[in-house]
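Following: one structure in structure tokens, then a few remarks.
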Amino acid sequence: GICMARDSTSIERIAGVCERDIDLLLLEEFLSTPAFVSWFISSTGIPVLNAHDLKSARRSVTHTTGESDLELHFVVDSGDEYVILIENKIGAQLQPLQAERYNARGTHYVANSVCQNYYTVIVAPDAYFRDVGQTKGFQYRLSYNRIVDWFDSAEELGRRRNYKLAMLRSALDKATLGYQPLLDDAVTDFF
């Protein structure tokens with residue numbers, strides 16, 4: 001369900017948000033909002049790349065070493081190609097050797113001339129990490145909390161920004177609180 005705020009122009013929360021939903025939210029922004037791509041690159045600290053160099057963005061990319069939640073392919077002015085492999089987590093733990101498989105995928109891309117270099121990024125709520133600098137074996141990390149801050153200030157997105165903020169905040173709630181059942185008064189009264 002969707003919970004509307006009192007003024008009915010903004011959405012407070014969206015029930016049942018999962019990682020796939022956040023994958024699609026990020027994919028949409030990578031493909032349609034160069035300012036988001038620029039912010040993502042600078043916020044992770046990835047060197048060399050610019051938003052105008054983004055040539056493709058894909059979701060759920062399957063490879064012999066596993067699956068990337070998102071992949072961004074860049075071609076810079078020199079003609080060199082770079083790939084950002086992104087793992088998105090709301091609350092589930094990493095699979096065994098998951099970061100290592102992302103690195104193996106990147107190494108395979110370099111060895112097979114798909115790109116000259118790759119970067120691995122984990123995107124997750126702050127609560128997912130124990131320590132400030134922890135990356136869980138990935139080269140870079142970006143928190144949902146920082147993504148919420150970006151959307152909070154992205155007024156050029158108009159009212160759709162409210163939906164995206166509700167989606168991200170719902171994911172943060174899920175990560176912090178875990179599964180939250182929706183109460184049904186009639187069923188509760190019955191029991």
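Residues of the chain: accessible area per residue at 1.4 Å, in Å²? Present the calculation step by step, with values, prior to reporting the outcome.
Numbers: 10170 Å² over 191 residues.
It amounts to 53 Å² per residue over the chain.
At the residue level, Thr107 shows approximately 80 square angstrom of accessible surface with a 1.4 angstrom probe and all protein chains present. Under 5 Å between amide hydrogens, built in the peptide plane, is the criterion, and for His63 it picks out Ser68 among residues at least 5 positions away or on other chains.
If R0 is taken as 25 Å, the Cβ-Cβ distance between Ala111 and Glu67 corresponds to a FRET efficiency of 0.85. Using just its DSSP H runs of length 4 or more, each adding -39500 (n - 2.57), the chain gives a mean residue ellipticity at 222 nm of -12000 deg cm²/dmol after division by all residues.
Placing +1 at every Lys and Arg Cβ and -1 at every Asp and Glu Cβ, with all other atoms neutral, what dipole size does the chain have around its Cα centre, in debye to the nearest 20? Intermediate results must be reported in sequence, preceding the final value.
Working: 19 positive and 26 negative charges, 39 e Å.
Magnitude of the dipole: close to 180 debye.
Each label point was placed 7 Å from the Cα along the Cα-to-Cβ direction; for Thr135 and Glu100 their separation is 1.8 nm. Here Rg/Rh (Cα atoms, Kirkwood Rh) was calculated from the structure, and among [x] 0.94; [y] 1.02; [z] 0.99 it sits at label [y].
Annotation: Ser56 carries an accessible surface of approximately 40 Å², with a 1.4 Å probe and no ligand, DNA or RNA atoms counted. 3J(HN,Hα) along the range 47-63, derived from phi through the Karplus expression 6.51 cos²θ - 1.76 cosθ + 1.60 where θ = phi - 60°, amounts to x, 6, 8, 10, 4, 5, 8, 5, 10, 7, 9, 9, 10, 6, 8, 8, 9 Hz, with x in place of Gly and Pro.
Fully extended, how many nm does the chain gain between Asn50 and Leu31 (0.36 nm per residue separation, minus their Cα-Cα distance)? Walk me through the numbers before you get to the answer.
Details: separation 19, 0.36 × 19 = 6.84 nm, distance 1.37 nm.
Gain in length upon complete extension: 5.5 nm.
Between Ala92 and Arg159, the contour length at 0.36 nm per residue exceeds the Cα-Cα span by 21.1 nm. Short-range pairs are left out: with C-alpha atoms under 8 Å and at least six residues apart, the relative contact order of the range 1-115 is 17 percent.
So which of Lys89/Lys136; Lys136/Lys164; Lys89/Lys174; Lys136/Lys174 end up more than 22 Å apart by C-alpha?
Details: Lys89/Lys136 11 Å; Lys136/Lys164 26 Å; Lys89/Lys174 11 Å; Lys136/Lys174 20 Å.
Pairs exceeding the cut-off: Lys136/Lys164.
The values are calculated or read from the model by the stated rules, or taken from the named source; none is laboratory data. Please read all numbers here as calculations on a predicted model, not as lab measurements. Glycine also receives a Cβ, built like all others from the backbone with ideal geometry; neighbour counts cover every protein chain displayed. With ligands, DNA and RNA removed, areas are computed over all heavy atoms of the protein, side chains included. Shrake-Rupley method; radii C 1.70, N 1.55, O 1.52, S 1.80 Å.
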